[in-house]
Amino acid sequence: MSEDEFRAAMARLAAGVVLVTAHDVEDGPAGEDVGMTATSFLSVSLDPPLVMVSVREGSRMDDLLAEQPLWAASVLTAGQRQIAGRFAMKGRISDRLLFADLPVRRGGHSGAPLVEGALATLECRTEQRVTAGDHTLVIGRVLATTTATTKDGPLAYFRGSYRHLA
Ligand SMILES: Cc1cc2nc3c(=O)[nH]c(=O)nc-3n(C[C@H](O)[C@H](O)[C@H](O)COP(=O)(O)O)c2cc1C
């Protein structure tokens, strides 16, 4: 099986899209916020409440979450597709500009930015990190959640494109 065949098979699994965020606590409140678009986010356990995200080894989010345990995920709406696009760009040096005009509030448990208008937000503390091939599975205990009922449905990703549920 080639990498293309693997990609093509997985591209047919429709997925929800989250923005994973964390605040670099090293510099205190002035520290930088980092964001990463992800589809590998899933629920792992109910008791205790655990979720997981698979983060590419060597990415800025991987580097940051190796240093500190607190992070968050915002479940994006179809109308927030631009946010997903911006936080998926490769080779960004800093996310400061991307966060500058993004409506967020800071999570009380994680200090991470939570996207205003997201369908749900989950603040997490990493319990376990597992190296899996070229990714790190970051398993987090859910500290707090918010949910919203908006008319806007979820953002989905299927066969290489953003979609909304019709
Ligand atoms: C729809 C979509 C889903 C993605 N899902 C993941 C994911 O689950 N894990 C991951 O590490 N990267 C994922 N990416 C890629 C990251 O968003 C992207 O590599 C990262 O933001 C770029 O930062 P970096 O240069 O530090 O890697 C995804 C990209 C897109 C467009």
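The values are calculated or read from the model by the stated rules, or taken from the named source; none is laboratory data. Quick caveat, the model's predicted, so the values are computed rather than measured. Quick reminder, even Gly has a Cβ in these numbers, built from the backbone with ideal geometry, and neighbours come from all protein chains shown. Ligands, DNA and RNA are stripped out before the accessible areas are found, and what is left, the full protein with its side chains, is counted by its heavy atoms. Shrake-Rupley method; radii C 1.70, N 1.55, O 1.52, S 1.80 Å.
Neighbours of Gly91, meaning other residues whose beta-carbon lies under 14 angstrom from its beta-carbon, give a summed charge of +4 when Lys and Arg score +1 and Asp and Glu score -1. The residues packed around Thr121, meaning those with a beta-carbon under 12 Å from its beta-carbon, carry a net charge of 0 if Lys and Arg are +1 and Asp and Glu are -1.
Taking the alpha carbon gyration tensor of the range 3-159, multiplying each eigenvalue by 5 and rooting it gives semi-axes of 21, 19, 17 Å, largest first.
Rolling a 1.4 angstrom probe over the chain with all protein chains present gives an accessible area of which 55% lies on carbon and sulfur atoms.
Sparse packing (at most 15 other Cβ atoms within 10 Å of the Cβ) combined with a DSSP loop state is found for the following GluC sites (Glu not before Pro) in the range 1-54: Glu32. Heavy-atom accessible surface of Thr126, to the nearest 10 Å², is about 30 Å², with a 1.4 Å probe and all protein chains retained. Based on alpha-carbon centroids, what's the gap between the range 78-117 and the range 8-47 in Å, whole number please? Centre-to-centre distance over Cα atoms comes out at 11 Å. Residues of the range 1-36 with an amide N closer than 15 Å to a point placed 7 Å from the Cα of Arg159 along the Cα-to-Cβ direction: 8-15.
Looking at the range 46-96, the pairs of alpha carbons with a distance over 13 Å make up 71% of the total. Here the gap between Leu46 and Glu3, fully extended at 0.36 nm per residue and compared with their Cα-Cα distance, gives a gain of 12.1 nm. Taken per residue, the accessible surface of the range 1-120 reaches 53 Å², heavy atoms only and a 1.4 Å probe. Structural descriptor for the range 3-159: relative contact order 30 percent, calculated from alpha carbon pairs under 8 angstrom and at least 6 residues apart. Scan the chain and hand back the longest stretch that contains none of the trypsin sites (Lys or Arg not before Pro) lying in DSSP loops with at most 11 other Cβ atoms within 10 Å. With a cap of 11 other Cβ atoms within 10 Å, the longest stretch comes to 13-89.
A full extension of the chain between Thr146 and Ser59 corresponds to an added length of 28.6 nm, given 0.36 nm per residue minus the alpha carbon distance.
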